1. How far apart, in nm, are two points set 7 Å out from the Cα along the Cα-to-Cβ line at A:A427 and at A:E67?
2. Which trypsin sites (Lys or Arg not before Pro) from the range A:182-250 combine a DSSP loop assignment with at most 16 other Cβ atoms within 10 Å?
3. Can you pull the mean other chain C-beta count within 10 Å for peptide A:334-341?
4. Does the range A:167-284 come out rounded, prolate or oblate, given a ≥ b ≥ c as the square roots of the eigenvalues of its C-alpha gyration tensor, rounded meaning a/c under 1.5 and, failing that, prolate meaning a/b above b/c?
5. When only DSSP loop residues count, what trypsin sites (Lys or Arg not before Pro) in the range A:466-515 have their Cβ near at most 15 other Cβ atoms within 10 Å?
6. Between A:R419 and A:R304, what is the FRET efficiency for a Förster distance of 51 Å, r being their Cβ-Cβ separation, to the nearest 0.05?
7. Under a crude label model (7 Å from the Cα following the beta-carbon direction), how far is A:D238 from A:T545 in nanometres?
8. In terms of Cα to Cα distance under 25 Å, which lysines are near enough to B:K4, apart from those fewer than 8 places away along the same chain?
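Read-outs throughout are calculated quantities, based only on the coordinates presented, and are distinct from any laboratory measurement. Small disclaimer: the values here were computed from a predicted structure and weren't measured. Using ideal geometry, Cβ is built from the backbone for each residue, glycine included, and neighbour counts are taken over all protein chains shown.
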Amino acid sequence: MQSPSVPGNGLMRKFILYNGFIELAWIVFMTKKARILVVDDEEQISEIICAALSSDGYVLSRAFSGEQGVNAVRKEKFDLVIMDIQMPGMDGISALGEIKKIDPETEAIIITAYGSMSTAIQSMRKGAFDYLHKPFNIAELRTVVERALEKKKFNDITKAIFSTIRSEELLSIIIDSVTRILKADESLLVLINKTGKPYIAVSYGLDGQAREKSRLEVCTRILHRLPVDDINAITLVDEPFNDAKFTDIALIGEIKFAMILPLMEGNRLTGLININRKRPNAYFTENDTQRAKVFGSLVNLALRNANLYRQLQETQSQLIQAEKMSVLGQMSGGLAHEINNPISGILGLTQLLLEKEERSTQSYKDLKDIEKAVFRCKKIITSLLSFARQDESLMSPINVNEPLEETLTLCAHQMELQRITIVRKSAEGLPMINADFQQLMQVFLNLLTNARDAMPDGGTITISTRPAQVGDKEGVEITIADTGVGIPTNMLTRVFDPFFTTKPVGRGTGLGLSVCLGIINKHSGTITAQSEPGKGSAFTLIIPT
Amino acid sequence: MHKKILIVDDEDIVRNYARRALSSRGWAVSEAADGTSALALIEKEDFTAVICDLKMPDMRGEEVIKKIKARRPAVKIIVVTGSFSKLANPIVPGVEVYGFLIKPFGINEIRDIMEKMLKEE
């Protein structure tokens, strides 16, 4: 979908990709000037207010009675209403009540006569942001208006941040908000991946790979320092090009002022937001730091929400997968037995005919093809049966390296033939796990076979085992990574589905990974796939003790 | 009495190719499509071996094997099964079987196991 009306700003355009009005409202909020409605029956006062505020760049509208004010809010959206209390007809307090009913998000400032404290309190109860006593000066007005709009802005941002639990969307909203709140020339959100490597999850204003690399390097260095310094603190770096810690980084000269906001989940550092200003003298003020603090805690909460949601989804899809597997398991046993008899017949009779046929004839070749086809069926049936057989497991305490080594011995020759190098990395202190030796061998064999098939021209399979934490239990983590063709991202979620295969017809049954998943589920473990097309795939198993 | 075999299987097509695979190698082959007729044949004749499917319309294969062995203790039993989990010896308490054929099996598999048996004798 293309955006017809959004200004030529790459950041904004991205939002159009997402559906839903919240994002559209967000765009409006991000790009517009604050709209203020002045409701006062005294034209002179209203004029003075409008003149002062429009010179500050706000967009102003006027109403001259409570009724008019309410109607205006009904028709248009305002960020702020400035309203006199004493008006003929509908008074300011009643009008405020109506306005808050129509649009609870509109902020209101009430103007009261000097000494009428009780009406001021009444209006605050009705939801006014603040009040001004007549006569007030313009400076006072400006301060109150700015504060009210600042509150509105934070409310809007909070709403936007919590409007989505989809991580991708959330990250974009976060970076756009922070860019706006802190008037950044560049901003980037850096997260830490599973292997502990920082990467840019989303960014604004970074043109070109060289710049991305430069900023990521800055962030990486700060990430290393954060645990040493105060992990929670906001870091400010003025003129990083003059700082020995950063001065050697390419393109560092562009950044005049940098702010780093750590992202935390509980006490764990999960990443950071880096906000850069390139303009001279645009240093970050105390006010900026305060805003960043508030914003940071909002972001941490929102990220945590998104994380919980993702975990929920994962659990759900695991349940669905487990259900699929169990149905297939029940079905496949009976199915295989039913098919076995006719398949046996075809195989036997074909072979009898082959014996009588001259090797040179077409019939001989055809019969050979039939025989081959039957062998393929046989292979599928065998997989199906091993699937159905998963019920019968024999659990005993084992060191996971043992079935792994045994499997490697089994297929070492094949790997050598295909010029595949096996790299073994085994960490010390692996706990024993309660597992079925044969079934684990089956899992490793399936994963190694897949890895081999992904590297027709040879390559490297790296197998690492290390202790892992599974909830409050100990466990082991086994990763089998190849340098093969990889799995396209859109297929990654389907690789564990029964009968899903990317291998050429006849090569795979599409059951290998389903069998692995079934076995690992039975061991209360997890199996996950990561892949980068063209670079390789990695399968990670975590099995509790 | 050498090289006499009984094939017990309710699938015509399986008995068909199994019989031909063996008779072309000099075996005298008898057939039975269910447990009852298998036991009737055993009562009358002596066989070197019985190839017996575990799935039968009238009785369990294990039951048939037990009865055959009770009547003719010397006969060698080859069990036909589609399931790896049935590859257990003894197949029923006290009844050792000579070997297994896993469906789908080809003519060479059935010939190999019979030739091996003859050599061992």
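1. For the pair A:A427/A:E67, the computed spacing is 7.5 nm.
2. A:K183, A:K194, A:K245
3. 4
4. rounded
5. A:R494, A:R507
6. Approximately 0.65, to the nearest 0.05.
7. 5.4 nm
8. Output for B:K4: A:K356, B:K44, B:K55, B:K66, B:K67, B:K69, B:K76, B:K103, B:K116, B:K119.
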